[in-house]
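Engineer: Pasting in a structure now, in structure tokens, and then I'll have a few things to ask.
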Amino acid sequence: MAVLTATGVYQSWRGLGSWDAFSTSYGRILVFKVWAALVMLAAASYSRRWTARLLHAPQEERVLVAAGHADSPPAAPVDGESPHGSGPELHRRGLRRSVLAEVAIGVLVLVLTTVLTGTETGRAAETASVTSVAGQPEVSLTLIPYDTGKNTLSGRGKVQVTLEPGRVGRNVVEAIVYGADGSPVGIPELRLTFTLADQQVGPLDAKLVDERGYWGSDTLNLPIAGTWTMKATVRVSEIDQVTVEKTVEVGR
């Protein structure tokens, strides 16, 4: 439990990044998972108590026999109570209930863990909600999650796209691909296009070039202000690729 707690805290902080990230979907699910795990530990504690009582029950019976109470008639059951409502049978029923509670809550913890792995981390959600970089109002930043279905480091992750100045006219584009563990990864191909559907403009290809560490371009020209749809085609192998999209505001 100590190892699980330490690794869980570390991984949770990597996914959150700040206390404010608890307000994201990832943060809320994480809180539910922590509470469920604590309730499961409480049920496990009760299971240990019932087990201890079962272990001591034979000893208590031997003490009663030695004291000459073995032939004492059992106490009359209270109305509605089973005549076997005390002693080892009571302990067994209590143990069954607590173990069943452990199993049920354990399944819930596993479900929440699975949901967490498919949820955008709080750190990424906070970054994606930022339309400009602090201290640099002329830079627009967007984060686009992707998942090719391939179980590799680069098979799923995020594409961080920076537009400078993020306004009408010529823009410098820089894109960094982050893998499943949050570290930058290299991929064979990244294509980025921009479309303004309500004005029937696009798709405009950013014509990204691999700059060994990031993908860049300085030829993108966005002619009209508005909410553009940015589509990223991420190819991680000869046959595995996916196209994902997100909107970005382009000012005048």
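Engineer: For Lys150, go through the lysines and keep the ones whose alpha-carbon is under 19 Å away, minus same-chain ones fewer than eight residues off.
Structural biologist: Within the straight-line limit of under 19 Å, Lys150 reaches these lysines: Lys158.
Engineer: Next question, about the same structure. Once you keep just the Cα pairs under 8 angstrom separated by 6 or more residues, what percentage relative contact order results for the range 130-250?
Structural biologist: Working: 299 pairs, mean separation 29.2, N = 121.
Once divided by the residue count of the range 130-250, the mean separation gives 24 percent.
Engineer: What's the FRET efficiency of Arg170 with Glu238 using the Cβ-Cβ distance as r and R₀ = 25 Å, to the nearest 0.05? Could you put the intermediate results ahead of the total?
Structural biologist: Values: r = 34 Å, r/R0 = 1.35.
Efficiency, rounded to the nearest 0.05: 0.15.
Engineer: Could you work out how far apart the two model spin labels at Thr114 and Met1 are, taking each label as a point 7 Å from the Cα in the direction of the beta carbon, and quote it in nm?
Structural biologist: The modelled label-to-label distance comes out at 2.6 nm.
Engineer: Sort Arg252, Arg96, Arg235 so that the residue with the fewest other Cβ atoms within 10 Å of its own Cβ comes first and the one with the most comes last. Present the calculation step by step, with values, prior to reporting the outcome.
Structural biologist: On the way: Arg252 8, Arg96 12, Arg235 17.
In increasing order of surrounding Cβ atoms, one gets Arg252, Arg96, Arg235.
Engineer: Something else about it: Sorted from fewest to most neighbouring beta carbons within 10 Å, what does the list Asp147, Asp20 look like? Walk me through the numbers before you get to the answer.
Structural biologist: Working: Asp147 14, Asp20 11.
By the 10 Å Cβ count, ascending: Asp20, Asp147.
Engineer: Would you mind pulling out the separation of the Cα centroids of the range 179-252 and the range 8-37, in Å?
Structural biologist: 30
Engineer: With 10 angstrom as the radius, rank Arg156, Arg167, Arg28 by how many other C-beta atoms surround their C-beta, starting from the fewest. Write out the running numbers ahead of the final one.
Structural biologist: Working: Arg156 20, Arg167 16, Arg28 13.
Going from least to most buried by this count: Arg28, Arg167, Arg156.
Engineer: Suppose each label sits 7 Å from its Cα in the direction of the beta carbon; what would the Arg96-Tyr46 distance come out to in nanometres?
Structural biologist: Spacing of the two 7 Å Cα→Cβ label points: 1.5 nm.
Engineer: Moving to a separate point now. Taking all pairs of different Cα atoms in the range 130-250, averaging 1/r and flipping that mean, what Kirkwood radius in angstroms comes out? Please list the in-between numbers first.
Structural biologist: Working: mean 1/r = 0.0691 Å⁻¹.
Result for the range 130-250 stands at 14.5 Å.
Engineer: Once you put a point 7 Å from the Cα of Val34 and another 7 Å from the Cα of Val201, both along the Cβ direction, what distance in nm separates them?
Structural biologist: The answer from the label model is 4.6 nm.
Quick note: the coordinates plus some simple rules give every number you see, no bench work behind them. Quick caveat, the model's predicted, so the values are computed rather than measured. As a convention, Cβ positions derive from the backbone with ideal geometry for all residues, glycine included, and neighbour counts pool all protein chains shown.
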